[in-house]
Structures are given as C-alpha cells and as structure tokens.
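Only one structure is covered here, and it is reproduced in the block below.
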Amino acid sequence: MKRIVSLNINGRTVEEAIPDNLLLVDFLRERQALTGAKKGCDGGECGACTVLVDGHPRLSCLTLTASCAGTEIETIEGQARNGRLSTLQRAFHENLGTQCGFCTPGMIMAAEGLLRDNPDPDEDDIKSALGGNLCRCTGYVKIIESIMVAAAEARR
Amino acid sequence: MTEVLPNFRLMEPATVEEAVALLNETPDALLCAGGTDLVVQLRKGLAETGTLVSLSGIAALREIEVTDAGLRIGAGVTLSQIERAQVIVDGYRAVAKAARSVAGPAHRGVATLGGNLCLDTRCVYYNQSHWWRKSNDFCLKYRGDTCHVAPQGNRCRAAFSGDMAPSLMVHGAEIEIAGPKGTRRLPLAEFYHEDGAAHIRLEHGEILVAAHLPPPGAASEYEKVRVRGSIDFPLAGVAVACARTPEGAARFSVAVTGTNSKPLMVDVPGDLPPHSAPEAFFAALEKAVQKAVSPQRTTTIAPHYRRLSISALTVRLAKRLT
Ligand SMILES: Cc1cc2nc3c(=O)[nH]c(=O)nc-3n(C[C@H](O)[C@H](O)[C@H](O)COP(=O)(O)OP(=O)(O)OC[C@H]3O[C@@H](n4cnc5c(N)ncnc54)[C@H](O)[C@@H]3O)c2cc1C
Ligand code: SF4
Ligand code: FES
Ligand code: FES
C-alpha cells in the first residue's frame, strides 16, 4: 500500500507517495539522493544510518518512512550552511575524528542530538550518547576529542 | 543487506480497542511498537506479515501514572522515558537501570516497555540473515526440523534476552492485557513459558497494555554480563531487590534473564538475619542461582561462563544492597 506522506527534510518540505514498507534510510538514499546516512548492517547494529527525527537521534534503517509523516528530519547534508562546515564537521575534520568516513555521518548526527540536549557533556556523556555508533577505524578516542572540541567551540 | 521488507500495509489505530479489533480481523497481523526488534526480524525474514498494526498512535499506552496501588507504566512508554522518570529512579532503581542498559540511545528513544517484555527469544543459529539460516538448513524454531543447540531435543532452547522483565519481577509486577474478551491481569512471572519457540502467553488478538508495580518497598539493582559494554543483549542479566523484615533481616528477591527461554525468579535460601555472618548466606545464594539457571549454547560465549558470572554478579548486587 502507498500513502501520501509530507515531511520536512533539512528544512525543505517534501510530499511523496510512499509505500508502507519503505525504510527511512532507503527513502533518503534512493529517493532523495541523500546518501550521507549509510546502511552499514542488517538492522540496528551499527548506527551509520543515524539521523535526527524531531531533534532526536533515530536509526533510519529501523524506521518506516510512513511513520514519519509530519516530522522534521535532519541528515548530515543539513549540517553545512552556505558552503561552510558546521562546528561538529570542522571539529571532526581538524581533530582526526574521521578516517574512512563511513561512520561519520551517523557519529555527527548522534553528537548533534547530544549537544542540543546537553551543551556541556563530559566524556561519559559522550560515550553513552555514541553507544550505538560503531567505528572500524578510529578507535573512538579522536571522535570523543572532536565532540569535546565542538562542544567547547559552540559554547564560546 | 539487500533484503526488502515484506509488502505489508501499516495500520495506525488510535485506541487499544481499535487495535484489538484490527488484530482480530486480520489473522496474520503483527503488532509493532518501537520496531527496534520487529523491523530487524522482518528484514531478516524471521517474521512475515501482510499487516503491521502500529501502537505508536495510541496515546493511552504512553503514560506513567502514580496510583494508590503503586505505579502503572503503559506498554508504549519508551525506555528513555523509563530511565529518566524520577518516580522510577527513586522507587524502583533496578527498573531504571535495566532500561538504561538496553541497546543504544537511538533505540531507547523509540523502544517500548511492551516490546521489551514481548521480545522474541534469541539464538546464534536464529538471529541471522535468511541466507545464513538457509545454508544451515534453518532450525526447529522456524522452518527447520533440527535444533542445532540440542540436536537430540525436541524443543527450542533460545534464550529470552529482554532486560526489563527481571527488574519488574523483583518488584512484584503484574501485567495488564487487553483482548477481545476485555482485560486480564497476571503476575509478570506467569506470563512466560520455558519454550524458546512459544515463550509468552499471549493469544493472537491480545495486547499488553501496562505493567503495574506495588508501592516502592525495596532497594534494587540490575546488572548484566555482555560482550560489549556499550551496546549488547545480556549474555545473562540479574535484578536483585532487598527489603527489610520487621525484625531487621534482609529479604532478597532475585530474577534472571538471558539464561533460559524465560526470565525466572530464583528461590532464595531464606532471609539474612541482622548481625549474622553473611558469608554462608551469600555462598548459598550463589549456589541457588547456579542451580536455577540453564544457559545453553545459544550465544558465542560458553554456557558455563554465563552460569558462573551471573551467580557471582547476583552476590555482588546482594552485598551492595545489604
Ligand atoms: C543492536 C540492538 C541491540 C539491542 N540490545 C538489546 C538489549 O541489550 N536488551 C534488550 O532487552 N533488548 C535489546 N534490543 C532489542 C529491542 O531494541 C528492545 O528489546 C526493545 O525494548 C523492543 O521494544 P520495541 O518497542 O522496539 O519492540 P518492537 O520491535 O516493536 O516489538 C517487539 C515484539 O513485541 C511485540 N509487541 C510490541 N509491543 C507489544 C504490546 N504492547 N503487546 C504485545 N506485543 C507487543 C511485537 O509484536 C514484537 O513481536 C536490541 C536491539 C538491537 C537492534
Ligand atoms: S535453540 Fe535450537 S531451535 Fe531454538 S533457535 Fe537455537 S538452534 Fe533453533
Ligand atoms: S544501518 Fe546499521 S544501524 Fe542502521
Ligand atoms: S572512520 Fe571508518 S568507520 Fe569510523
């Protein structure tokens, strides 16, 4: 079955006929050409598909698009504004928080969700907020440092 | 990773009555709450349906209410709500701790209490992709005829691996179930059955609507043993509650998960009297847990390790609460 779903993606209103069984990650990647959110696992295990739904981190690989009607979705593509990297993106870049980059969109969106909730997180807060985001490259130390730097930047 | 979800229609009833009616009209309908387990199952071909009945639109399921009789937690309350609710953190610590130990924060923001209590059992031979299971001739639980864990046996040994059930059980929880014939209540411990392929007593057309807890009366703790500290199902998990008798003795209740096809209450060897040397009591408690549990080869970690670690963890929590 299909239905007309209207939702907001990175500030842009989108209205489309959506099959009930379409996953949000496939909708974003295949239909909206927003390939930042990655599909890294069989479902729910890796966090590479993390996006914000109404400001909260959600796994788009476990979310049905039809259930997101009326919500605001934010993806990594919404981070940079007017050609300038966001504070988090710049911090990841400058502090080696990203290596191959596959996990990075999910990491940054999970971190974005954390910083909105808690602008001054300590290391434990960051570790628990990123608990569901796996990285095969960095060993996490640089990711945590990057988020600390971004949080300090944003507070200034 | 190219799997496609089955071609279902998504129904979003606004009330429990509508949801019950929908389920009863549609024999193959499945309930979906947060979907953090069900969608994985659908993707892996472990569940099939033409109709998904979402519980997300039912506001009445999302309330935590303090009543004269204690606390009522709606089945649609999310685990993030539970881990943060002050009444739960203060009065039922094990419940808040168990919620916090489930999956990752993005799961917990949508994962519900009802979905956790009705979670399917797990096994290394079962929670795999379709092609993985097919190449292994499937198994007794679904589509096959042999159990790879206990090939001589005729029942599935998959382990119940939800974290919430034991934490609620040690606080004496009951659950409320709505169905075509009205609602019924039963102790949470009686909801489960020692069979990995049919471990919950819920008829088709019934919905778990709430858990009820008596007023707080015991200090409690929950901890689990897992492979990765940040995100993982329990290899074994234990909740311990400790209340004081009028004579000042410590009275423990203990419930475990991850070791059997159902979460279970452990028969505790009596009370720990005040001013007595506790070592013999704790040794007996450790033995009682080892005797009660029966972990099988359903995880990559040896059953013996799970048995020893969960009994040691029980004693650690009991000492902390004494
Ligand atoms: C990577 C990963 C890690 C995980 N780690 C853990 C963990 O550590 N501990 C843990 O306990 N779980 C874990 N889970 C499983 C799952 O996220 C949680 O158990 C969660 O609480 C399930 O709730 P849900 O609302 O998402 O359930 P759903 O997926 O929506 O449903 C689960 C099952 O319950 C049924 N159901 C849901 N609500 C009701 C109801 N009200 N009445 C009757 N039946 C109902 C559904 O039909 C389905 O069969 C993990 C999942 C993933 C993907
Ligand atoms: S315990 Fe046996 S029957 Fe049950 S899921 Fe595992 S292999 Fe299959
Ligand atoms: S793709 Fe791995 S959690 Fe979503
Ligand atoms: S940077 Fe490669 S997976 Fe994290």
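The values are calculated or read from the model by the stated rules, or taken from the named source; none is laboratory data. Values in this document were obtained by computation on a predicted structure and should not be read as measured data. Using ideal geometry, Cβ is built from the backbone for each residue, glycine included, and neighbour counts are taken over all protein chains shown. Accessible surface is based on the protein model in full, side chains and every heavy atom, while ligands, DNA and RNA are left aside. Shrake-Rupley method; radii C 1.70, N 1.55, O 1.52, S 1.80 Å.
Worth pointing out:
- Long-range tail of P(r) for chain B (Cα pairs > 26 Å, %): 47
- Working note: 222 nm ellipticity from helices only, DSSP H runs with n ≥ 4, each -39,500 (n - 2.57), summed and divided by the residues of chain A, gives -8500 deg cm²/dmol to the nearest 500.
- About the centre of its Cα atoms, chain A shows a dipole size close to 440 debye [charges on the beta carbon of Lys, Arg (+1) and Asp, Glu (-1) only; nearest 20 debye].
- Axis angle, to the nearest 10 degrees, between helix B:279-292 and the longest C-alpha principal axis of chain B: 20 degrees.
- Set of lysines near A:Lys142 by C-alpha distance (under 16 Å), chain-local residues within fewer than 8 positions excluded: A:Lys127
- Reduced Cα scattering model of the range B:181-322, Debye log10 I(q)/I(0), q = 0.08, 0.13 Å⁻¹: -0.26, -0.66
- P(r) tail, chain A: Cα-Cα pairs separated by more than 23 Å, 34% of all pairs.
- Principal-axis tilt of helix B:16-25 within chain B, Cα atoms, nearest 10 degrees: 50
- Comparing B:Ala85, B:Ala29, B:Ala173 in a Gaussian network model of chain B, where Cα atoms under 10 Å apart are tied by springs, the biggest mean-square fluctuation is seen for B:Ala85.
- For the range B:1-54, a simple Cβ point-charge model (Lys and Arg +1, Asp and Glu -1, everything else neutral) yields a dipole of about 240 debye relative to the Cα centre.
- Counting, for every residue in B:98-108, the Cβ atoms of other protein chains within 10 Å of its Cβ and taking the mean gives 6.
- Simple rule: put +1 on each Lys or Arg Cβ and -1 on each Asp or Glu Cβ in the range A:87-155, find the dipole, and look at A:Ala154, A:Leu115, A:Tyr140; the Cα lying farthest toward the positive end is A:Tyr140.
- The mean number of partner chain beta-carbon atoms within 10 angstrom of a residue's beta-carbon across peptide B:37-44 is 4.
- Shielding value for A:59-66 is 6, the average number of Cβ atoms from other chains within 10 Å of each residue's Cβ.
- Farthest toward positive dipole pole in chain B [+1 Lys/Arg, -1 Asp/Glu at C-beta], among B:Ser101, B:Leu30, B:Ala197: B:Ser101
- Taking a straight line from the alpha carbon of B:Lys287, these lysines sit under 17 Å away, with near neighbours fewer than eight places off in the same chain left out: B:Lys319.
- DSSP-defined beta bridges in the range B:1-139 - what % are antiparallel, rounded to 5: 45
- For the range A:96-149, trypsin sites (Lys or Arg not before Pro) are listed when DSSP marks them as loop and at most 16 other Cβ atoms sit within 10 Å of their Cβ; the list is A:Arg136.
- Highest to lowest packing among B:12-25, B:178-191, scored as the average C-beta count within 10 Å: B:12-25, B:178-191
- For q = 0.10 Å⁻¹, Debye-computed log10 I/I(0) when each Cα of the protein assembly as shown counts as one equal scatterer: -0.79
- Note on the protein assembly as shown: with neighbouring protein chains present and a 1.4 Å probe, carbon and sulfur make up 51 percent of its accessible heavy-atom surface.
- Summed over both chains, the area buried between B and A is near 2300 Å², taken from the accessible surface of protein heavy atoms with a 1.4 Å probe.
- Accessible area of the range A:87-155 divided out per residue, in Å², using a probe of 1.4 angstrom: 48
- Leading residue at positive end of dipole, the range B:61-213 (Cβ point charges), from B:Leu186, B:Ser161, B:Trp131: B:Trp131
- Span-rule helices in chain A, defined as complete DSSP H runs reaching 18 Å or more along the axis (Cα) with Kyte mean at least 0.5: A:141-155
- Degrees between helix B:303-321 axis and first principal axis of chain B (Cα, 0 to 90, nearest 10): 50
- The DSSP beta bridges internal to the range A:1-133 are antiparallel in roughly 90% of cases.
- Using alpha carbons only, the radius of gyration of the range A:87-155 set against its Kirkwood radius gives Rg/Rh = 0.91.
- When only the Cβ of Lys, Arg, Asp and Glu is charged (+1, +1, -1, -1), the dipole of chain B relative to its Cα centre reaches about 1120 debye.
- Whole-number accessible area per residue in Å² for chain B, which is evaluated in the context of all protein chains at 1.4 Å: 43
- The range B:266-303 and the range A:6-79: distance between their alpha carbon centers, rounded to Å: 46
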